[in-house]
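The structure appears right after this line, and notes come after that.
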Amino acid sequence: MIPLCLMEDVRKTYRIGEQEVEVLKGIDLRIEPGEFVAIMGSSGSGKTTLMNLLGCLDVPTAGRYELAGSELTHLTDDELSVIRNEHIGFVFQNFYLLPYATVLENVLLPTLYVEKQTDASAEKKALQFLELVGLQDRAKFKPNQLSGGQQQRVAIARALINEPQLVLADEPTGMLDSTTAGEIMKLLASLEKRGKTIVVVTHDPNIAAYAKRCIQIKDGVII
């Protein structure tokens with residue numbers, strides 16, 4: 001089986017002033033389709049940089065990265081943007097919902113860049129995903145009318161709207177209490193049954209425990 005994500009000797013170096021800082025130091029990583037994986041590490045370990053590379057938000061300084069068998073290492077920014085929108089869904093700690101847009105409008109945002117969808121078909125799909133996350137009756141609400149857990153559910157529906165192969169969640173429960181965090185993680189775990197590949201980046205072992213496989217990163221290497 002072709003892995004969904006394959007990294008070979010991936011390195012990432014940033015220049016800070018005249019100094020070069022190597023954040024990732026030779027990452028070898030294989031993630032299969034349909035896996036639920038947690039990437040754990042303390043602050044500064046390189047886990048967020050690794051997620052940014054997996055999500056095509058950044059490119060490696062050296063090494064190879066393949067997504068679904070296609071090498072992405074040397075693509076242009078525009079080409080990477082297309083791949084992000086069509087193949088990857090993102091869930092962030094801070095939700096990043098537009099405050100003056102309705103819940104439905106927030107979920108529909110990624111569809112604005114997909115020409116093959118009509119407005120009617122996109123709205124129908126958005127309502128289906130709102131039903132999946134239990135918020136079909138909140139479609140006309142604004143984000144400030146929702147709890148933190150509900151806002152993160154909206155963000156998950158938004159991440160799913162374009163039917164991505166890969167869902168990346170960066171500290172998705174960091175703004176939530178423990179009970180709500182558990183509900184969000186159960187929701188993410190349920191996506192595995194829909195054939196989604198889920199990667200959660202976290203420093204919390206209680207959150208990582210929901211995944212089927214846990215990858216530990218420290219000082220830019222997988223340990």
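Any read-out appearing in this document is the output of simple, stated calculations on the displayed coordinates, not a laboratory observation. Given the structure is predicted, the values throughout are model-derived calculations rather than measurements. Here the Cβ is made from the backbone with ideal geometry for all residues, glycine too, and neighbour counts use every protein chain on show.
Roughly what angle does helix 178-191 make with the longest principal axis of the chain, taking Cα atoms, 0 to 90 degrees, to the nearest 10?
Long axis of 178-191 versus the principal axis of the chain: about 80 degrees.
Taking H placed 1.01 Å from N in the peptide plane, check which residues at least 5 places from GLN93 or on another chain put their amide H under 5 Å from its amide H.
ASP170
What is the dipole size for the chain, taken about its Cα centre, with +1 at each Lys and Arg Cβ and -1 at each Asp and Glu Cβ, in debye to the nearest 20? Working shown, then result.
Working: 23 positive and 29 negative charges, 133 e Å.
The dipole magnitude comes to about 640 debye.
Work out the FRET efficiency for SER178 and GLU105 from their Cβ-Cβ distance, taking R0 = 41 Å, and round it to the nearest 0.05.
Efficiency, from the Cβ-Cβ distance: 0.85.
List the relative contact order of the range 124-203 as a percent without decimals, with contacts defined as Cα pairs under 8 Å and 6+ residues apart.
31 percent
What residues have an amide H closer than 5 Å to that of GLY34, excluding those fewer than 5 places away on the same chain, when H is modeled at 1.01 Å from N in the peptide plane?
THR197
Please report, in debye to the nearest 20, how large the charge dipole of the range 3-109 is about its Cα centre when each Lys and Arg carries +1 at its beta carbon and each Asp and Glu carries -1 there. Numbers along the way, then the final one.
Numbers: 8 positive and 16 negative charges, 69 e Å.
With Lys and Arg at +1 and Asp and Glu at -1, about 340 debye.
Rg (Å, one decimal) plus Dmax (Å, integer) for the alpha carbons of the chain?
17.4, 54
Antiparallel as a % of all DSSP beta bridges within the chain, to the nearest 5? Spell out each step's value before the answer.
Working: 19 of 38 bridges.
DSSP beta bridges in the chain are roughly 50 percent antiparallel.
About its Cα centre, what dipole magnitude does the range 131-207 give when the only charges are +1 on Lys and Arg Cβ and -1 on Asp and Glu Cβ, stated in debye to the nearest 20?
Details: 9 positive and 9 negative charges, 64 e Å.
So the magnitude is around 300 debye.
On C-alpha positions alone, give me the angle between the axis of helix 148-160 and the longest principal axis of the chain, in degrees, nearest 10.
Here the helix axis deviates by roughly 70 degrees.
Which residues among the range 55-87 fall inside the zone where the amide N is under 15 Å from a point 7 Å beyond the Cα of ASP28, along Cα→Cβ?
Zone members listed by number: 63-65.
Compute the relative contact order of the chain as a whole-number percentage, counting only Cα pairs closer than 8 Å that sit 6 or more residues apart in sequence.
Relative contact order, the chain: 31 percent.
What's the long-distance tail for the range 94-223, i.e. % of Cα pairs beyond 20 Å?
Roughly 46 percent, rounded to a whole number.
Only loop residues by DSSP count here, and only those with at most 11 other Cβ atoms within 10 Å; note down the trypsin sites (Lys or Arg not before Pro) in the range 125-209 that meet that.
For trypsin sites (Lys or Arg not before Pro) across the range 125-209 that sit outside H, G, I, E and B with at most 11 neighbouring Cβ atoms in 10 Å, the list reads LYS140.
Would you compute, from DSSP H runs of 4+ residues alone, the mean residue ellipticity of the chain at 222 nm, taking -39500 (n - 2.57) per run and dividing by the full residue count, rounded to the nearest 500?
Result for the chain, helices only: -9000 deg cm²/dmol.
Please work out the C-alpha center-to-center distance from the range 1-43 to the range 142-200 and express it in whole Å.
22 Å
Taking square-rooted eigenvalues a ≥ b ≥ c of the alpha carbon gyration tensor, is the range 120-188 rounded, prolate or oblate, where a/c under 1.5 means rounded and, failing that, a/b exceeding b/c means prolate?
Oblate shape, in that a/c is at least 1.5 and b/c is the bigger or equal ratio.
When a/c reaches 1.5 or more, the comparison of a/b and b/c decides; with that in mind, is the range 1-117 rounded, prolate or oblate per its Cα gyration tensor?
On the way: a/c = 1.74, a/b = 1.42, b/c = 1.23.
It comes out prolate by the Cα gyration axes.
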